[in-house]
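Computed from the coordinates by the stated procedures, all read-outs in this text should not be read as laboratory data. Given the structure is predicted, the values throughout are model-derived calculations rather than measurements. When we count neighbours, we look across all protein chains shown, and the Cβ atoms used for this are built from the backbone with ideal geometry, even at glycine.
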Amino acid sequence: MAQGATAAEMEQKPAIKAQGLKLAFGGVKAVDDMAITLGRGEFLGLIGPNGAGKTTLFNMLAGTYRPQAGSILINDVEASGRDATARIGLGLGRTFQIPKPFPQMTVLENVVTGAQHQTGERLFANFLRYGKVKAEERAAIGRARELLDFVKLSHLAHEPARVLSGGQRKLLELARVLMADPSAILLDEPAAGVNPALLEFIISRVLALNAQGKSILLIEHNMDMVTRLCHRVVVMAGGRYLTEGKPAEVARNPAVVEAYLGAAA
Amino acid sequence: MIELISYGAFFLTLALTYAIMCLGLNVQWGQTGLFNVGVAGFVGIGAYVSALLTTPDAPDRFGGFDLPIAVGWIAAAIAAALASALLGAMTLRLRSDYLAIATFGFAVVVQLAVLNLQKLTGGPFGISFIPRPFGALASDPLVFGLCNLAVVGAVTLAVYGALEHLMRSPWGRVLRAIREDEQAASALGKNATVFRLQAFAVGGAIMGLAGAVQGHFIGYISPEGYVPILTFQVWAMLIVGGSGNNRGAIAGAILVWAIWAASGAALAAFIPADQQARASALKIVMIGVAICLVLLLRPRGLLGERATVSRHVENAGDHAKDKAS
């Protein structure tokens, strides 16, 4: 019963709850006292003019930068002092703005690499516990093939990832992070540099993931995409929280318009 | 005829000891991208550890402990692995060029240490009377040579088999992923430092084993066997053979050793005796020319790296064949 209650409680806990985040590069306060919460199952957009600190915030959430102050709870575990390698173990995956496939490896091997807790990743287990390694590897490959079906890359499974187009690389990266089965995903500009036909497909996949219960935080410049996907949008300007709301409300908000125009002027 | 076969066995045995070193370097450089220019140091550690453990008691230095050859070889691999792990733990977080400087320095330290620790290593005189496998057969050069070749060949094959097994395992896949994009691998929870350290230690262990095997085959080791030229030779072998490919590492070792031996013989035949010492530098030139030719004609080496996939992916090989045809 106690465990059931804990699971029910977890349902209520946000996927990410960050508060008081601060990071300065030299004298420049890139992010200053920023808070953001990604609810469980939520599709949240993060927007703001260039230089607003979105990418810095994203990198702190992803563990690439360590905040100088503040806290980051990922699935209720404090993560601000831990590095990027630890994020996936806490249930947080990410994609990259410029996709980072493993270019010489096949598309299928790229996806399998996302598997977690593989016995075969321990050096000596490959000799001492070969049966277990084999069974896990077969299961991982089966799962990877399902994910390639999901992103419609199965026909390219045995090609090296370097032959994929920009949009296909984004899909590959999505399949690879799904292999680790994170409960929350940070999406870094999935629309950037993708042709319109493929973009529609990426949108459909991302929506399907959200429908499966994945919490998603999206950084995106394409406002059309933000409007179509996000339940809620947080706006940053000058390294700080500016406002939030439903996408349509935010787009009409004079403060947001001013932040964008002010930055442009 | 018998002499020719004897020489062939001798040549191939020696070449295969280099092939084992080359396989070790391939784990570090070919698989993981670790720029180790201290190969000679790890080979030397292996050679000296095994020699100390297996030689008969010597009054003028520490040891010999007269242990079985197999014990010496295993200890050599373990000692070199520990040395690599220690050096790696201190330097693998650094950028690759610092790793190169650190490993080079390490190899020089090892060489100077064995040169000067006379009570432990015999100093400049080295260690002789290292027991040779099948030493009892030494009176029959042909049988002795073939037996040695069989032993060294078996060790090479075992190392090759184990490495192929690892390269196609999830462990090998993570190494490749880290080599290709560390940030992406890290976002998938793969700790680059830990995997690099393991690969560095595995490579070092193999180099140490190679050093031990070579020492026991020749029967005598001395500090001048572990100078930087050895590192250069092993690197040349890997580049010529094809880094990232274990068969390439073996083929490159045999080919480069053949060029080395043939140019030595040619120099002996054609250069006047009083010029021989200076002319021996031409052997290094020959290797340099061979590297340049290979890099121009086959930039990825004789046998370049091929896409390695998990052995559990069905039909991947067939697919590759379909594409080739």
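The table that follows gives values for the structure above.
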{"item": "Cβ-based charge dipole, segment A:104-163, positive-most Cα from A:His117, A:Leu148, A:Ala161", "result": "A:His117"}
{"item": "Å³ per residue enclosed by the Cα convex hull of chain A", "result": "157 Å³"}
{"item": "Candidates B:Gly126, B:Gly24, B:Gly135, ranked by Gaussian network fluctuation over chain B, Cα under 10 Å, top entry", "result": "B:Gly135"}
{"item": "Shape category assigned to segment B:103-235 from the gyration tensor of Cα positions, a/c cut at 1.5", "result": "oblate"}
{"item": "Sparsely packed chymotrypsin sites (Phe, Trp or Tyr not before Pro) within segment A:73-136, loop by DSSP, other Cβ within 10 Å at most 15", "result": "A:Phe124"}
{"item": "Ranked list, fewest to most other Cβ atoms within 10 Å of each Cβ, for B:Cys147, B:Cys292", "result": "B:Cys292, B:Cys147"}
{"item": "Segment B:1-45: C-alpha gyration tensor shape, a/c 1.5 cut-off, then a/b vs b/c", "result": "prolate"}
{"item": "Tilt relative to chain A, helix A:130-150 - C-alpha long axis, 0 to 90 degrees, to 10", "result": "50 degrees"}
{"item": "Estimated inter-spin distance, A:Ala192 and A:Gln116, nm [label 7 Å along Cα→Cβ]", "result": "2.6 nm"}
{"item": "Local electrostatic count at A:Ala30 - Lys and Arg +1, Asp and Glu -1, tallied over other residues with Cβ under 11 Å", "result": "+3"}
{"item": "Computed helical MRE - 222 nm, chain B, DSSP H runs ≥ 4 contributing -39500 (n - 2.57), nearest 500", "result": "-23500 deg cm²/dmol"}
{"item": "Separation of alpha-carbon centers, segment A:104-145 and segment A:56-89, rounded to whole Å", "result": "27 Å"}
{"item": "Percent RCO, i.e. relative contact order, over chain B, from Cα pairs under 8 Å lying at least 6 residues apart", "result": "30 percent"}
{"item": "Residues B:Ala158 and B:Tyr220, FRET efficiency given R0 of 30 Å [Cβ-Cβ distance, rounded to 0.05]", "result": "0.75"}
{"item": "Prolate/oblate/rounded call for segment B:121-164, Cα gyration tensor, a/c under 1.5 rounded", "result": "oblate"}
{"item": "Set A:Lys13/A:Lys54; A:Lys13/A:Lys100; A:Lys132/A:Lys214; A:Lys132/A:Lys170 screened for pairs whose C-alpha atoms are more than 28 Å apart", "result": "A:Lys13/A:Lys100; A:Lys132/A:Lys214; A:Lys132/A:Lys170"}
{"item": "Equivalent ellipsoid semi-axes, chain B, via Cα gyration tensor eigenvalues times 5, rooted, Å", "result": "32, 25, 20"}
{"item": "Percent RCO, i.e. relative contact order, over chain A, from Cα pairs under 8 Å lying at least 6 residues apart", "result": "26 percent"}
{"item": "Exposure proxy order (Cβ contacts within 10 Å, fewest to most) of A:Leu73, B:Leu117, A:Leu128, B:Leu92", "result": "A:Leu128, B:Leu117, A:Leu73, B:Leu92"}
{"item": "Degrees, to the nearest 10: B:141-167 long Cα axis against longest axis of chain B", "result": "20 degrees"}
{"item": "Helix A:166-179 vs. chain A, principal-axis angle (Cα, 0 to 90°, nearest 10)", "result": "70 degrees"}
{"item": "Relative contact order (percent, whole number), segment A:104-163, Cα cutoff 8 Å, 6+ residue spacing", "result": "55 percent"}
{"item": "The protein assembly as shown pair-distance distribution - Cα-Cα, 10 Å bins, rounded %", "result": "3, 15, 22, 20, 15, 12, 8, 4, 1, 0"}
